[in-house]
Amino acid sequence: LISISATIPLPFPGRPIPDGIALLGALSAYAFTRRNSGASALPWFAVIYVITGLSMLMGPGDDTLYVQKLLSTCNFCASFFVGYVVFLIFRNRRPVKISKFFMRLAIFFLVGAVAENEVPLVKSFSDDVRDYVAVYQQPYDADARDLLMSGIVRPKFFSLEPSYLAKSYATMVVLSAAAAPAKARTWIVYSVMMMLGLYVMRSPTILAIAPV
């Protein structure tokens, strides 16, 4: 989940695999969880992937865009598989434990965002990871705009750009609240975490996800 936020590719001769570390982790997790997964989902995956492939081939667009279409289709299929593996991992866990897990991840992102702006060593390490990822993807270069609009350089914490971090953080908070008991305390914690994230990360992405 952390590597998804950081969009770390997997080195591969010729062309790196986007988010390959997350996919590799999902494949490893699937190998450990498939014995307890009940009926095999592979036939359903095959149907979904065939339909997706046909839509790619038969969809409108310039014939010269087949490579881009193929990459987009592969990314979609990989994302679907990662989501399924996450479901397998958590489906037999108690909701309270699931809620605590995602809340800890949210706190990790929040503390990391604060540390990146306050602790030079953390910022240096974060920049090194981002520089590695930026070799394969377009780097974020709008720090001047951040200073003008937010008054600070918005934290990225290993992510390519601030919105990726904000999206990951807000999603973790939403999942934590969704798995927690429907009590007033849950919504208070949810609101406080969203406001803290908005203050620290200064990203409108949080405002878009918060109503969920």
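The values are calculated or read from the model by the stated rules, or taken from the named source; none is laboratory data. A quick note: this is a predicted structure, and the numbers were derived from the prediction, not measured. So basically every Cβ, Gly included, is an ideal-geometry build from the backbone, and we count neighbours across all protein chains shown. Calculation scope for accessible area: heavy atoms of the full protein, side chains included, ligands and nucleic acids excluded. Shrake-Rupley method; radii C 1.70, N 1.55, O 1.52, S 1.80 Å.
Worth pointing out:
- The number of residues in segment 169-212 being within 30 Å of Leu147 (Cβ to Cβ), small (Gly, Ala, Ser) and surrounded by fewer than 21 Cβ atoms within 10 Å (Cβ to Cβ) comes to 3.
- Some residue of segment 192-203 being at pLDDT below 90, in a helix (DSSP H, G or I) and within 14 Å of the chain's Cα centre (by Cα): no
- Some residue of segment 139-162 being touching a Leu at 6+ places or on another chain (Cβ under 8 Å), in a helix (DSSP H, G or I) and modelled with pLDDT of 80 or more: no
- Residues located in segment 158-178, provided they are within 17 Å of Met103 (Cβ to Cβ) and touching a Phe, Trp or Tyr at 6+ places or on another chain (Cβ under 7 Å): Leu165, Ser168, Tyr169, Met172, Val173, Leu175, Ser176, Ala177
- In segment 79-137, residue modelled with the highest pLDDT [restricted to those that are open to solvent by less than 90 Å² (accessible area, probe 1.4 Å) and among the basic types (Lys, Arg)]: Lys123
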